[in-house]
Amino acid sequence: MWRDAALVAGKDLRIEARSRVALTQVAPFGVVALALFAFALGPDRTTMAKGAPGLFWVAVLFCTVLAVQRSVSVESADGARDGLRLTGIDPAGLFLGKAAAVGAQLIALEAVLTLGVVLLYGARIQVPWMIVVSCVLGTLGLAVTGTLYGALSAGLRVRETLLPLLLLPIVAPVLLAGTRIWQAAMTGGTPSDGTQWLRLLVLFDAVYLAVGVVLFGPIQETA
Amino acid sequence: MAPVAPSPSAVSLRDAVALSGRFPLLAGVDLEVAVGETVLVEGPNGAGKTSLLRVCAGLVPLASGSLAVLGLDPVRHRTAVRRRVGLLSHASHLYDDLTVRENIRFGVRAAAGDPARIDPACERWGLTGRLARTPAAKLSAGQRRRVALAVLTARWPEVWLLDEPHAGLDIVARGLLDEAVAEASAAGVTILIASHEPGAAEALAHRAVTVTGGRVTAERTLRPSESAAGADGPVADGPDQAGTTDGAGPSVEPDERPTGAVPGGADASGWVAHVA
């Protein structure tokens, strides 16, 4: 399983490095979304800083949809998904590999977007480790749910429009927990302020990771 | 004298019905393919040849009937069957952003194949030098086909399912393909070739079956099959172990016979209206 996961993640990241879709399209889209939020909130830096945590995670969710759609479309061209199935690759390994590749891209995007909220919104991060932990746990949750729902919509002609509809409500806990942890980290709150939300993220990740490992194979066969 | 064990079936389909929604892909196929046998599957467009191969590869589940590939159920033993079966389909299964060599390497490693066979396969299909470093997006249709064939021959599975294998290939590549199939056949690989231009594939096959309306409606022997006639040795594990079959059974004269009436009836185009 781990060998297959590393193989698939390596393949997806190599494709991403060649096509540069995340670098030239997804990241700029995230920054543009942050800039548009800033325009909508007006010139008051205090208001922008206050809304920064939620706006950061909304931008991350939008970028997640794009990254997952890209991950699915890579397997849609030239029957690549059938090709993968025909290799007899371990479905759990395939799931973990694709989720790892999406997660790696999202981590890089979040670094860019964090810089964006600091520069555009004047957000001040008081407890950096909480930001790092929330990004790692939130990214894991987004990557595994995105990969799972991406596989569900993969065989459908309307997958581009269906995926956000399926995925965004499901990842609402990540948005909520991530925003609360960021608020605690920006206001210099104690670690206990964010602990319950970190627990929620851990639980969310564990549930969807387990569901994905078990169900990705059957979904792959029927989607 | 101890009785000779019958040659095991590489592919065994019994009254196999496969559906796409309510649309019948296979409408009751009965087919036995012995280990080491090469079978040409002929029939008009839309007769069910591609579906038959996809069912054998485990990509399409059966709605009813039974299927065993190398003695295993492709649904229950999905990974084990797929690692021992190779399908050359209309699609090349390539990633446009990866180079030719990267595509072959990924295809072989994902199938737990031997990476040492990648270089000989690339050389066999002329995928060396600058072409090996070319992204798949820049390849012609024929070159993509060669890459797919290179993955197949590098993997060297025990069952080859070739769907219109000559399509899109130039005369040189067709010759290479015929060589590879002959070599695999001599090595004991079981091969199913679906083709609607039988001339190109007839010389390679031991037997031809005609698929019409999702059923096997006729079959004919093209040349005697050593493996099917009683040889029961292990399948050779690669192109370097070819030519191990020597137990030729009694000679079989080429013949042609229908496999019986087609219950349910197929129309002139080969489609059946309903599956019983």
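Read-outs throughout are calculated quantities, based only on the coordinates presented, and are distinct from any laboratory measurement. Predicted, not measured: the structure shown is a model, and the values here were computed from it. Virtual Cβ from ideal backbone geometry, glycine too; neighbours counted across all protein chains shown.
Summary table
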quantity: Within 10 Å of each Cβ in A:1-12, the average number of Cβ atoms from other chains; calculated: 2
quantity: Full-stretch length increase - residue A:187, residue A:23 - with 0.36 nm per residue and alpha-carbon distance subtracted; calculated: 55.9 nm
quantity: Highest average packing first - B:150-162, B:49-61, A:201-213, Cβ atoms within 10 Å; calculated: B:150-162, B:49-61, A:201-213
quantity: Only Lys, Arg (+1) and Asp, Glu (-1) charged, at Cβ; the range B:64-202 dipole about Cα centre in debye; calculated: 600 debye
quantity: Rh by Kirkwood over Cα pairs, then Stokes-Einstein D for the protein assembly as shown at 1.567 mPa s and 4 °C, µm²/s; calculated: 52 µm²/s
quantity: Signed unit charges on C-beta, dipole axis of chain A, positive-most listed residue A:32, A:76, A:206; calculated: A:32
quantity: Theoretical FRET efficiency, 1/(1+(r/R0)^6), r = Cβ-Cβ of residue B:182 and residue B:119, R0 30 Å, to 0.05; calculated: 0.85
quantity: Point-to-point label distance, residue A:62-residue B:167, nm (Cα→Cβ direction, 7 Å offset); calculated: 4.3 nm
quantity: The range A:2-222 - Rg (one decimal) and Dmax (whole number), Cα, Å; calculated: 17.6, 57
quantity: Highest to lowest packing among A:54-63, B:120-129, scored as the average C-beta count within 10 Å; calculated: A:54-63, B:120-129
quantity: Peptide A:171-178 - average C-beta neighbours from other chains (10 Å radius); calculated: 0
quantity: Label-zone membership for the range B:113-133, site residue A:77, 7 angstrom Cα→C-beta point, backbone N under 20 Å; calculated: B:131-133
quantity: Which of B:144, B:215 has the fewest Cβ neighbours within 10 Å, and the rest in rising order; calculated: B:144, B:215
